[in-house]
Amino acid sequence: MDNSKKTSAIIILLMLALAFSGYKGYQYRSSLAFVQNNRYHPKQYTGVITDVLDQKYKEVVVIGDSIIYRWNFPNKINGYILINRGIDGETTDDVISRFTKDAVKLKPQYVVILAGINDAATMYEADPNGVDLQIQQTVSNIRLMADIAKGKEITPIVCSVLPVNDKYRLPPQDINNIVIKLNENLESMTKVEGLIYVDFWSIVVDQNTGMLKSDYSNDGIHPSEIAYQDMWNLLATQLK
């Protein structure tokens, strides 16, 4: 068999393997579940928006990185259905690239944006002494997402980035210093733009160490169930 035929055979085999494995690209966690006589059931999303919801309920899309992906927030509150659009490992560059597809096209009442910890890690690994310009880029990404949402009559909610603790793979104090600067810039931006700002950082930080509370994470970065509950209680106050 010549090289071209071998290449064609390999491509065909790979395509068949992907088809039978059920691979669907990025997988999203769904928080659509058990609402109004079990009409809505959990499903894995592939980025194609196919949900048609009862007009009785309005949608809240929560978008971001693994902090969102791992968050099993309630499915319904005060007439709102919550939809999880978190993907592991994403930076704000990644989130903004799918923002229209994964958030705006659903036409939600609110879109909650929580992203930036992977930006902070990338900044530290690239140049720990030159993060200011990179922080501005992260803030600009989040501002642009908020602008896109407002342009479609969707209310954006911008959230502060969470701290890490000493279980995290990178030096926690260095990462947290970046996070503090990032949050200061995010909060200033939301005040200028008249956006809702939810300060998760303040409720999960250990005031003595400046790090994520030790019992609020098992791996130093992702919140524990008790941390997520505190975060939910704060976020819920903004869903009118």
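Computed from the coordinates by the stated procedures, all read-outs in this text should not be read as laboratory data. As the structure is a computational prediction, the values presented were derived from the model and not from experiment. We place every Cβ from the backbone using ideal geometry, glycine too, and count neighbours over all the protein chains shown.
The Thr237 and Ser214 beta-carbon pair, evaluated with R₀ = 30 Å, returns a calculated FRET efficiency of approximately 0.70. Take the residue pairs Lys58/Lys152; Lys76/Lys152; Lys58/Lys240; Lys107/Lys240; Lys105/Lys150; Lys181/Lys240 and return only those whose Cα atoms are more than 19 Å apart. Beyond 19 Å between Cα atoms: Lys76/Lys152; Lys181/Lys240. The charge dipole of segment 26-236, taken about its Cα centre with unit charges on the Cβ atoms of Lys, Arg (+1), Asp and Glu (-1) only, comes to about 1040 debye.
Distance between the modelled labels on Asp166 and Lys58, one decimal in nanometres: 4.6 nm (7 Å Cα→Cβ projection). Would you work out the relative contact order for segment 26-236, in percent, from Cα pairs under 8 angstrom that are 6 or more residues apart? Rounded, it is 17 percent for segment 26-236.
Each label was represented as a point 7 Å from its Cα along the Cα-to-Cβ direction; for Thr122 and Asp147 these points are 1.9 nm apart.
Report for segment 26-236 the percent antiparallel among DSSP-assigned beta bridges with both residues inside it, nearest 5. Within segment 26-236, antiparallel bridges account for around 20 percent of the total. Extension gain, Ile226 to Asp88, is 47.6 nm, computed as 0.36 nm per intervening residue step minus the present C-alpha separation.
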